[in-house]
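Everything on this sheet refers to the single structure shown next.
The values are calculated or read from the model by the stated rules, or taken from the named source; none is laboratory data. Here the structure is a predicted model, which means the values were calculated and not measured. Cβ placement follows ideal geometry from the backbone for every residue including glycine, while neighbour counts extend to all protein chains displayed.
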Amino acid sequence: MRWNSILLAGPFALALAAHAATPAASTKAAPGYQVGIRNFHFMPAKLVVPAGGTVTWINHDEEPHVVTSVGDRFKNSPALDTNDHYSATFAQPGTYTYFCSIHPQMVGTIVVR
């Protein structure tokens, strides 16, 4: 039996399945909608996207920023350095509020219809 067959046959398979069910998030730029991070602001501060839309945040500041979901409604980004990207796909309609956990005065909203 191969090593990966052993792992996928045990509890590791459950962990993989649970991970696959979480909303998609990536540090690669994805096609879709963009929010720029400039001068310690999310631009636009409010973005409306259709269900299934992917939003990519791009840090244009010289300082790092972290996109942090209020209420853990989507996966938080890692620290984004200058020109780093972070993407999340929003499957469910609703309002998603977020902020920068390093600079909490920076706030934004994604509205999914």
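Which residue is modelled with the lowest pLDDT, if the candidates are limited to segment 11-47 and must be surrounded by 13 or more Cβ atoms within 10 Å (Cβ to Cβ) and of a type in the set (A, V, I, L, M)? Going through the qualifying residues, I end up with 24.
What is the residue count in segment 72-96 for residues that are without any contact (Cβ under 8 Å) to a residue 40 or more places away in the chain and in a strand (DSSP E or B)?
3
Scanning segment 48-62 for residues that are surrounded by 13 or more Cβ atoms within 10 Å (Cβ to Cβ) and of a type in the set (D, E, K, R) turns up just one, 61. Within segment 52-71, is there a residue that is in contact (Cβ under 8 Å) with a residue 60 or more places away in the chain and either within 15 Å of the chain's Cα centre (by Cα) or under 11 Å from residue 110 (Cα atoms) (or both)? Within segment 52-71, none of the residues are in contact (Cβ under 8 Å) with a residue 60 or more places away in the chain and either within 15 Å of the chain's Cα centre (by Cα) or under 11 Å from residue 110 (Cα atoms) (or both).
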